[in-house]
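Accompanying notes for the structure given below.
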Amino acid sequence: MRGKRSELIQNGGQGELALLDRIRRRTTRSASGGLRLGIGDDCAILRLKPGEELAVTTDLSIAGRHFRLEWHPPESVGHRTLARGLSDIASMGARPLAALLSLGLPKELTIARGRRHAWVDRFLDGFLALANQHRTPLAGGDLAESPMAVADIVLLGAVPRGKALLRSGARPGDVVCVTGALGGAAAGLELLQKLSGRSVSTMRNSKKREGLLAPHLRPQPRIAQGLWLRRRQAATAAIDLSDGLSTDLDHLCAESEVSAEIDTKAVPIYTGATLSQALHGGEDYELLFTARPNTTIPHGIAGVSVSTIGKIVKRRAGQPRVILVDASGRHSLPRAGWEHFS
Ligand SMILES: [Mg+2]
């Protein structure tokens, strides 16, 4: 964590250096996993195992675009910031090595109010809880004062050379599979919008509401499932569902130069979500993958269900890339994915 010259926060003991120190005390400087040197020097140092290569992804979260300060608990914003990066690492079949986090924050989000912890500390609670769960040390980053809250994450992962799961490996005849259930994040966001006039503590009182909000507030990146698919060489192609099934399957088909037929009734729908949310809702962070038809796909991987939802077919000129098959026939499934808060 750097940022010495930025203008962040001068408020008694809450100055930037104090904030940096608070972050540093909550992270490890000592070696862990692939991290040889963490926060405190000019660079972090990572070490790959022999025969590994580095998988790198970056993701920007902006207040009002990817989250709303008035809707999302800060712990959820921290969790979601890291989950977005970890999900990309999962989709490649990589293991996470470390995360780098840069925050641009309005001053008031760094200041504790009475007995309430500062927004940034609660953000870190959510961020570090998920980081610990996936043994992903926070290895560095930057801090600056900003007119709006911005969180930029870089995730570093390791994968055996040439073995990463790519979007481009699907072939006609492959089956199309998905982990978990879809649409939960979109249904949760809709509920969050409805509840936006009420306080989060009232929402927390209901277990059912909590279950409906969880996929949106705390999506679970499928690291274990991605590693399983890569180690078993079970998948021919993979992508994580960040923008929605219709959009992400279209991306996979485009990279593989194929089309896909999806069986509507095979799509696993999260309890409380609609078919449309399952097809188009974004931010479920499940894995979508393809496999050769003779590959045995288990009903679950590391505690998460797996569903076969369709097959890859040859791409024909003038035909849609993603086709939805139901009782009434075959329909083009247009991309109608996540548009955030636009
Ligand atoms: Mg992705």
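Per the listing Arg122, Arg95, Arg84, Arg115, the residue uniquely without any contact (Cβ under 8 Å) to a residue 12 or more places away in the chain and either within 16 Å of the ligand (Cβ to nearest atom) or not β-branched (Val, Ile, Thr) (or both) is Arg115. Taken as a whole, the structure leaves Ile297 outside the set of residues that are within 19 Å of the chain's Cα centre (by Cα), surrounded by 11 or more Cβ atoms within 10 Å (Cβ to Cβ) and β-branched (Val, Ile, Thr). Residue selection: Leu252 satisfies the criterion of being assigned to a helix (DSSP H, G or I) and modelled with pLDDT of 95 or more. Listed by first and then second residue, the pairs with beta-carbon distance under 7 Å, at least 6 apart or on different chains, first residue in segment 36-49 and within 13 Å of Leu138 (Cα to Cα), second open to solvent by 80 Å² or more (accessible area, probe 1.4 Å) and outside any strand (DSSP E or B), are Arg36/Arg47; Gly38/Arg29; Ile39/Arg24; Ile39/Arg29; Gly40/Arg24; Gly40/Arg29. Filtering segment 33-65 to residues that are open to solvent by less than 90 Å² (accessible area, probe 1.4 Å), among the charged types (D, E, K, R) and in contact with a Lys or Arg (Cβ under 8 Å, 6 or more places away or on another chain) leaves Glu52, Glu53, Asp59. Scanning segment 218-234 for residues that are open to solvent by less than 20 Å² (accessible area, probe 1.4 Å), in a loop (DSSP other than H, G, I, E, B) and more than 11 Å from the ligand (Cβ to nearest atom) yields Pro219, Ala234. Glu53 - would you say it is outside any loop (DSSP other than H, G, I, E, B) and either of a type in the set (D, E, K, R) or without any contact (Cβ under 8 Å) to a residue 40 or more places away in the chain (or both)? Against the criterion (outside any loop (DSSP other than H, G, I, E, B) and either of a type in the set (D, E, K, R) or without any contact (Cβ under 8 Å) to a residue 40 or more places away in the chain (or both)), Glu53 qualifies. Checked against the criterion of being closer than 26 Å to Ile45 by Cβ, among the hydrophobic types (A, V, I, L, M, F, W, C), open to solvent by 20 Å² or more (accessible area, probe 1.4 Å) and away from the ligand (no atom under 16 Å from the Cβ), the candidates Leu100, Leu138, Leu130 yield just one match: Leu100.
The values are calculated or read from the model by the stated rules, or taken from the named source; none is laboratory data. Just so it is clear, the structure is predicted and the values come from calculations on it, not from any experiment. Cβ coordinates were reconstructed from backbone atoms using ideal geometry, including for glycine residues, and neighbour counts include every protein chain displayed. Only protein heavy atoms, including side chains, enter the accessible area calculation; ligands, DNA and RNA are left aside. Shrake-Rupley method; radii C 1.70, N 1.55, O 1.52, S 1.80 Å.
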